[in-house]
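Written out below as structure tokens is the structure these notes cover.
Any read-out appearing in this document is the output of simple, stated calculations on the displayed coordinates, not a laboratory observation. If you're wondering where the values come from, they're calculated on a predicted model, not measured in any experiment. Here the Cβ positions follow ideal geometry from the backbone for every residue, glycine too, while neighbour counts run over all protein chains shown.
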Amino acid sequence: MDPQIELEYENVKDRADSKLVRFVGDLDATNVETVLEKICGLFNEGFLNIVADFTKLRYVNSTGLGILLHFSKAAKEKGGSFKISNVNENVYEIIEIIGASSLLQIYDDVDAAVASLK
């Protein structure tokens, strides 16, 4: 995997159809293909709900943001959801500038995101 980003996976308690994914590093044009492959792989394995933990995501650019919007749309099409939690100020600012905050499901923490799962 690209050294700029690492994805760490964790099961969601009592939710066989859900996966917690911790994003560590930077999400940009150099590694979106790898991230796309990994997250779409989870959807294909039957995980309809993805909760993304951005506690350790330092940076995202417009390319990275585009892929997040793609995950949100893909999850909805499969009857699931893509939820984001623990977004730091820098990352949230980019989401706001691009106007994507209303398009993404953003939560203060992982527990709130998990609690909102259908």
Helical contribution to [θ] at 222 nm, DSSP H n ≥ 4, -39,500 (n - 2.57), averaged over the chain, rounded to 500:
-11500 deg cm²/dmol
Grab the Cα-Cα distance for K56 and T30, subtract it from 0.36 nm times how many residues apart they are, and report the gain in nm with one decimal.
7.6 nm
Using DSSP to define loop residues, name the GluC sites (Glu not before Pro) in segment 8-97 whose beta-carbon has at most 12 other beta-carbon atoms within 10 Å.
E45
Between S102 and D14, the two model label points (7 Å from Cα along the beta-carbon direction) sit apart by a distance in nm of 3.5
Which of the helices in the chain meet the span-like rule: DSSP H, Cα axial reach of 18 Å or more, Kyte-Doolittle mean at least 0.0?
62-77
Would you mind computing, in nm to one decimal, how far apart the modelled labels at H70 and N90 are, each placed 7 Å from Cα along Cα→Cβ?
2.3
As a percent rounded to 5, the proportion of antiparallel DSSP bridges among beta bridges in the chain is 30
Starting from the Kirkwood Rh over alpha-carbon pairs, what translational D in µm² s⁻¹ does the chain have by Stokes-Einstein at 20 °C and 1.002 mPa s?
154
FRET efficiency estimate (nearest 0.05) - Cβ-Cβ, A115 to E45, R0 22 angstrom:
0.40
Just to confirm the filter: which trypsin sites (Lys or Arg not before Pro) across segment 1-69 are DSSP coil and have at most 15 other Cβ within 10 angstrom of their Cβ?
K13
